[in-house]
Every structure is written in C-alpha cells, then in structure tokens.
Amino acid sequence: MNIGIDRISVRQLGLITLAQLRGTGSTDAQVRHWVLRSALILVRPRVYRLAGAAVSWEQTVLAAALSAGPDVVVSHTTAAAVWGLRHSDRHRAGIHLTCERQIRIRGATGHRTRLTAAERAVSHSIPVTTVERTIVDLAGTLSVTQLGQCVDDAIRRRLLSLERLRALVEQAASRGGRRMLKPLHQVLADRIPGYRPDDSDFETKMNLMWDRLGLPPAERQYRIAVDGHSYRLDRAIVECKIGTEWDSYRYHSAPSDLDYDSNRRARLVGDGWLIVPVTAKSTPELVARAVLRAYRDRGGGGRLSA
C-alpha cells in the first residue's frame with residue numbers, strides 16, 4: 001500500500017472507502033488482493049478497515065456514515081453520543097444518519113433532511129450535526145428539565161451558542177413541528193441573552209431550593225480575596241459574611257480536593273466568614289434552619305423556620 005492510503009486512514013480512524021482507494025491510484029484488483037491477504041477488512045459496503053487499526057464505537061459509527069455517502073452526517077441520538085451530551089448513551093444511541101436523499105444502510109436509521117453548512121461539523125473525525133442542530137433533533141425525545149441540563153452542560157463545555165440555537169429553533173419552527181419544539185422554547189425562555197449556567201446541575205438544584213425556601217437574599221458566585229487567594233462562594237449573604245458551599249462528591253472525591261477545601265475554609269473562617277456546607281443529602285429543612293440560625297445570630301433579623 002502507498003502513503004496516501006495511510007494518510008487517509010489515519011484521518012478516518014483506520015478506515016478508507018473504495019472511492020478513496022481508487023483516488024490513491026489503487027486498482028480494484030489490488031484491493032481484492034489486499035482483502036484476500038487480510039491487509040484490508042471489509043466492514044461496510046465500500047468501506048474497509050486497515051489491518052491493525054483499533055476497533056471502536058466511533059469507528060463503527062464513521063463506517064456507517066462513509067458507506068452511506070460523502071454528504072451524510074451522523075445525527076440525533078448518535079450525534080448526542082458523539083458530542084458526549086448529557087442524557088446520551090452510546091450503547092443505546094443506535095446509528096442515525098441524515099442527508100437530503102433517502103438512506104438505506106443496514107443497522108442504521110436514515111433521516112431525510114436538508115442541512116446547511118452551519119448545521120454540519122466534525123467531531124472525533126466523524127461528520128456530525130452541530131450541537132445546536134443535535135439538540136433541536138432531540139427536542140421531541142427529552143423532557144424540559146433534561147433539555148435544560150443538556151443545553152447548560154454544552155454551554156459550560158463551550159460547545160453551544162445560545163444565539164445559534166435560538167436562530168435554529170426559529171428556523172425549524174417556521175418549517176413546522178412547533179409542537180415538538182415546545183419544550184425547547186421553554187428552555188430558551190429561561191435563558192435570556194447574557195445567561196450563564198451554574199457550574200453543575202447540582203448547583204442549579206441547590207439554587208432553586210434556596211429561592212423556593214425564601215431564604216435571605218444572597219449573591220451567587222460571590223468572589224472573595226483572602227490572604228492572596230481568590231475564592232468563590234456559591235451563595236453569600238455579604239452583609240452578614242455568611243457563605244454556602246454546594247458540596248457534591250463528584251467534585252470533591254480526591255484527597256487533594258479535601259485538602260484544598262480544608263485550607264480554603266480555614267482562610268475564609270479566619271477572615272470572619274461563616275460557611276454553611278450543603279450536600280446532596282442535606283434536606284431543605286436542614287438547610288433553611290442552618291442558614292436562618294446563622295442569619296439571626298449575625299444580626300440579620302431572620303426568623304427560624306420549623
């Protein structure tokens with residue numbers, strides 16, 4: 001085999017199509033010879049894997065897309081798994097492919113839709129719908145809460161633009177399917193220009209709980225400089241120097257995390273702050289009692305709840 005074959009296969013997770021082989025100057029007789037020698041393994045019609053190339057889920061998905069044609073992209077739940085979006089599962093995603101013409105590929109579901117260049121991307125060498133387009137395609141399969149979590153996670157990872165998503169939703173609505181897009185409209189209504197998601201779904205849940213309990217007004221993501229260190233409190237009643245920390249085991253599982261948190265809180269307490277830690281196991285009643293007790297004791301004038 002020649003160097004052109006190697007270059008293409010490296011870009012395509014160890015795969016190459018028959019058309020690409022011919023483009024390197026290889027004859028059909030040579031291809032048959034390489035297949036007989038197991039130097040090439042046929043994995044899909046007109047798609048081969050080079051011997052020795054690692055087999056992976058991504059490679060399986062790409063092989064289906066390459067077999068379907070050069071204008072095909074991976075979409076829907078498969079695209080969500082490629083991007084690693086929240087609530088996606090590559091083991092249940094199946095293989096969904098989209099292009100303007102009808103697709104008939106064994107083991108794959110075809111979707112006939114015209115996509116613009118702005119709705120196409122490449123991730124892990126796989127031609128795929130953009131994150132915004134993928135979320136639009138998922139709108140009818142996820143709840144409002146799940147869609148919101150999916151959007152927020154994509155924003156945190158800098159994969160998604162709310163402006164592009166909003167424009168795409170409006171375009172899709174103008175072509176029909178308004179009922180299917182209703183959950184996504186609700187998600188966007190809560191995310192006005194300038195919106196920044198919390199650092200995690202756990203933090204979002206805790207902030208909603210704070211507001212629901214009617215606790216004293218507190219600044220979110222409050223920055224403090226102590227002894228040359230900059231810290232951020234999840235909620236801070238600044239005038240009383242009361243701060244809360246949303247402690248999720250997911251983000252505090254290593255010994256180094258615990259050491260950092262211990263030093264951090266020691267510095268904050270030394271600066272006069274009273275820190276109320278809150279975990280996923282903390283009940284709303286417990287949180288309300290602790291915050292209101294601290295608020296009253298520090299002259300905030302709050303009353304204790306039950």
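The values are calculated or read from the model by the stated rules, or taken from the named source; none is laboratory data. Not measured: the values here are computed from a predicted model. Neighbour counts are summed over all protein chains in view; Cβ atoms, including those assigned to glycine, are modelled from backbone coordinates with ideal geometry.
One table, with the values for the structure above:
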{"read-out": "Meets criteria (modelled with pLDDT of 95 or more, assigned by TED's automatic domain parsing to the domain that holds Glu132 and of a type outside the set (Gly, Ala, Ser)) for Thr17", "value": "no"}
{"read-out": "Considering residues of region 42-65 that are in contact with a Lys or Arg (Cβ under 8 Å, 6 or more places away or on another chain) and in a helix (DSSP H, G or I) only, the residue nearest to Arg112 (Cα to Cα)", "value": "Ala64"}
{"read-out": "Selection count, region 45-63, where residues are without any contact (Cβ under 8 Å) to a residue 60 or more places away in the chain and surrounded by 19 or more Cβ atoms within 10 Å (Cβ to Cβ)", "value": "6"}
{"read-out": "Region 202-224 residues that are under 12 Å from Tyr295 (Cβ atoms) and assigned by TED's automatic domain parsing to the domain that holds Arg264, paired with ones that are surrounded by fewer than 17 Cβ atoms within 10 Å (Cβ to Cβ) and of a type in the set (Gly, Ala, Ser) (beta carbon under 7 Å, 6 or more apart)", "value": "Pro216/Gly300"}
{"read-out": "Top-ranked residue in region 21-34 [being under 19 Å from Val10 (Cα atoms) and β-branched (Val, Ile, Thr); ranked as surrounded by the fewest Cβ atoms within 10 Å (Cβ to Cβ)]", "value": "Thr24"}
{"read-out": "Residue match in region 66-80 (condition: of a type in the set (Gly, Ala, Ser) and either part of a strand (DSSP E or B) or touching a Phe, Trp or Tyr at 6+ places or on another chain (Cβ under 9 Å) (or both))", "value": "no"}
{"read-out": "Which listed residue, of Arg7, Arg44, is under 34 Å from the mean Cα position of the chain (by Cα), outside the structural domain of His91 (by TED's automatic domain parsing) and under 20 Å from Gly94 (Cα atoms)", "value": "Arg44"}
{"read-out": "Some residue of region 83-94 being in a helix (DSSP H, G or I) and of a type outside the set (Asp, Glu)", "value": "yes"}
{"read-out": "Residue ID - farthest from Ile105 (Cα to Cα), chosen from residues in region 10-41 that are under 32 Å from the mean Cα position of the chain (by Cα) and of a type in the set (S, T, N, Q)", "value": "Gln12"}
{"read-out": "Unique residue being more than 27 Å from Val151 (Cα to Cα) and in contact (Cβ under 8 Å) with a residue 24 or more places away in the chain when the list is Ala79, Ala68", "value": "Ala68"}
{"read-out": "The listed residue being aliphatic (A, V, I, L, M), at pLDDT below 95 and surrounded by 15 or more Cβ atoms within 10 Å (Cβ to Cβ), out of Ile103, Ile135", "value": "Ile103"}
{"read-out": "Members of region 257-291 that are among the basic types (Lys, Arg) and either within 16 Å of Pro216 (Cβ to Cβ) or over 32 Å from the mean Cα position of the chain (by Cα) (or both)", "value": "Arg267, Arg289"}
{"read-out": "Residue within region 47-54 that is in contact with a Pro (Cβ under 8 Å, 6 or more places away or on another chain) and not hydrophobic (A, V, I, L, M, F, W, C) present", "value": "no"}
{"read-out": "Among the candidates Val136, Val144, Val151, Val128, residue that is among the aliphatic types (A, V, I, L, M), touching a strand residue (DSSP E or B) at 6+ places or on another chain (Cβ under 8 Å) and touching a residue at least 24 places away in the same chain (Cβ under 8 Å)", "value": "Val128"}
